[in-house]
Amino acid sequence: MRLRRADVADLDWLSGLERRDDYGRFIGQWPLDEHRRNLADPDFVYWIAEDDTGAPIGFAILNGVQSADGEMELFRTAVTDPGRGFGRAMLRDVVAQAFNRFGARRVKLDVYDDNPRARRVYEHLGFRFDATVPGQPRADGTPTTLVLMSIARDG
């Protein structure tokens with residue numbers, strides 16, 4: 001797996017992945033225009049994970065690159081084939097980029113409480129529980145509870 005910065009040409013693929021039926025309950029979706037604005041915003045960084053053939057297999061979006069307090073947020077992530085370890089490898093590299101390339105002192109995220117697969121991946125990578133926020137709406141408007149997690153530079 002190789003990690004590279006995304007560009008505008010990746011946004012159709014990325015948007016299609018985040019809109020997959022099996023992801024609708026677990027990740028938000030932005031219109032292409034919002035992705036274009038965010039990709040151009042120096043406070044965001046979009047990553048694409050590729051397999052050995054160069055085919056995209058996942059993406060991750062970080063926000064807070066220019067944060068004065070060193071806090072970045074893993075805003076969204078998805079892989080084409082969940083359960084095969086691609087997401088874990090991609091996120092390990094994304095977190096390393098946040099700490100080593102962008103100087104983050106802490107990376108935070110939120111995950112729906114009924115997404116145990118993602119929570120296990122985050123915990124395996126060293127993310128720790130911070131808090132819960134009940135009554136948050138999903139993209140479809142149904143309420144859920146968010147689990148807030150973070151990892152600090154020194155684990």
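Are there any strands (runs of 3 or more DSSP E) wholly within the stretch 48-155 with 1 or more residues that are over 24 Å from Met1 (Cα atoms) and free of Cβ contacts under 8 Å to residues at least 24 places away in the same chain, and if so which? Talk me through it step by step, then tell me what you get.
Working: elements: 56-63, 71-79, 106-112, 128-137, 143-152.
By residue number, 128-137, 143-152.
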Review point. In the stretch 1-30, what residues are part of a loop (DSSP other than H, G, I, E, B), out of contact with any helix residue (DSSP H, G or I) (no Cβ under 8 Å at 6 or more places or on another chain) and free of Cβ contacts under 8 Å to residues at least 60 places away in the same chain?
Key: Arg19, Arg20
**Study point:** Some residue of the stretch 48-66 being buried (at least 19 other Cβ atoms within 10 Å of the Cβ), over 11 Å from the mean Cα position of the chain (by Cα) and closer than 30 Å to Pro143 by Cβ
**Key:** yes
Point to revise | The one condition in (1) in contact (Cβ under 8 Å) with a residue 12 or more places away in the chain; (2) assigned to a helix (DSSP H, G or I); (3) not basic (Lys, Arg) that Asp33 fails to fulfil | key: (1)
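Kindly indicate whether Leu62 is farther than 20 Å from Leu146 by Cβ and among the aliphatic types (A, V, I, L, M).
Criteria not met by Leu62.
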Exercise for review: Go through the stretch 88-117 and count every residue that is farther than 22 Å from Arg153 by Cβ, of a type outside the set (Phe, Trp, Tyr) and surrounded by 16 or more Cβ atoms within 10 Å (Cβ to Cβ).
Suggested key: 1
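Is it the case that Ala139 is surrounded by fewer than 16 Cβ atoms within 10 Å (Cβ to Cβ) and within 21 Å of Ser15 (Cα to Cα)?
Details: surrounded by fewer than 16 Cβ atoms within 10 Å (Cβ to Cβ): yes; within 21 Å of Ser15 (Cα to Cα): yes.
The answer is yes for Ala139.
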**Study point:** Selection from the stretch 1-36 of residues that are loosely packed, with under 14 Cβ neighbours inside 10 Å and within 13 Å of the chain's Cα centre (by Cα)
**Key:** Gly28
Check your understanding: Which residues, taken from the stretch 96-124, are closer than 16 Å to Gly83 by Cβ and within 13 Å of the chain's Cα centre (by Cα)?
Key -> Ala118, Arg119, Val121, Tyr122
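Values quoted throughout were computed directly from the atomic coordinates according to the rules given, and no laboratory measurement underlies them. Because the structure is predicted, anything quoted here is derived from the model rather than measured. Quick reminder, even Gly has a Cβ in these numbers, built from the backbone with ideal geometry, and neighbours come from all protein chains shown.
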